[in-house]
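Structure first, commentary second.
What follows is calculated from the coordinates using simple rules that are stated; it is not laboratory data. Treat the numbers as computed from the prediction; the structure is a model and nothing was measured. With ideal geometry, Cβ positions are generated from the backbone for all residues, glycine too; neighbour counts draw on all protein chains shown.
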Amino acid sequence: MRALIVGNSDGIGLALTRRLLAEGWEVIGLSRRPAPAGAAQVADVTSPDFPAAVAEVGDVDLCVYAAGIGDPIENDDLTQQTRALEVNLLGAARTCEVVAPRMLAAGQGHIIGLSSLADTMISAEAPGYAASKAGLTSYLLSLDAALRPRGVAVTAVRFGFVDTKMAKSPVTPFKISPEKAVDVLMRCIQTRPAVVSYPRRMAALTGTAGALLRARARLRRR
């Protein structure tokens with residue numbers, strides 16, 4: 001079995017690379033920095049050359065988009081918020097643009113995108129991150145509806161806090177390890193669901209909080 005992991009130089013992507021290699025997969029990684037495991041290639045998802053780098057990988061059975069960034073607004077500069085949209089959402093879309101037609105031609109395949117439970121939130125601190133994850137979840141679920149009848153499954157994995165460099169909040173309830181996140185992903189690879197939200201208690205809390213924040217925003221506009 002052959003897998004492409006985008007964003008495997010550290011965090012969940014690296015942990016998944018190591019797990020798949022241990023289970024006999026061939027793993028090709030594309031990351032902005034060299035990855036310490038798998039057949040690693042350096043590529044920036046925001047570069048105009050990125051789709052060509054994905055195409056060079058060739059046919060794969062599994063594609064996991066694990067690249068992601070998220071920074072708070074600093075000094076009224078929205079540059080990093082725009083970059084979050086480019087990396088987290090557009091990078092995933094550009095990956096799917098290359099990978100999905102190849103999988104459809106083969107009549108099989110599985111695409112997994114790492115989204116976030118923040119996809120239900122309104123974030124004054126990091127609007128680019130929240131918006132990119134909302135868009136990513138919606139895009140992946142819509143792709144699944146389009147592609148699954150033709151043999152290609154698409155899964156949106158909505159994680160809460162994972163113990164990586166992305167967990168920047170001073171409060172990180174229900175935080176899990178990258179290895180636990182990989183356990184969740186391995187089950188996804190086996191069962192190919194459309195969406196997974198983990199941890200479930202965190203999903204329930206963020207869903208409620210997101211609804212309250214949206215209601216508050218509507219009241220402010222009146």
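Kindly express, to the nearest 10 degrees and within the range 0 to 90, the angle between helix 91-106's C-alpha long axis and the longest C-alpha principal axis of the chain.
Taking the Cα atoms of the chain, the angle to 91-106 is about 40 degrees.
Which whole-number percent gives the relative contact order of the chain, counting Cα pairs below 8 Å spaced six or more residues apart?
18 percent
If contacts are Cα pairs under 8 angstrom and at least 6 residues apart, what is the relative contact order of region 91-201 in percent?
Worked out over region 91-201, it gives 28 percent.
Restricting to Cα pairs below 8 Å that are 6+ residues apart, what does the relative contact order work out to for region 1-68? Please round to a whole percent.
40 percent
Using +1 at the C-beta of Lys and Arg and -1 at the C-beta of Asp and Glu, which of S142, M1, G107 has the Cα lying farthest in the positive direction of the dipole of the chain?
S142
Which percent, to the nearest 5, of DSSP beta bridges fully inside the chain are antiparallel?
5 percent
How much FRET efficiency would the formula 1/(1 + (r/R0)^6) give for I122 and E74, where r is the Cβ-Cβ distance and R0 is 22 Å, rounded to 0.05?
After rounding to 0.05, the efficiency reads 0.70.
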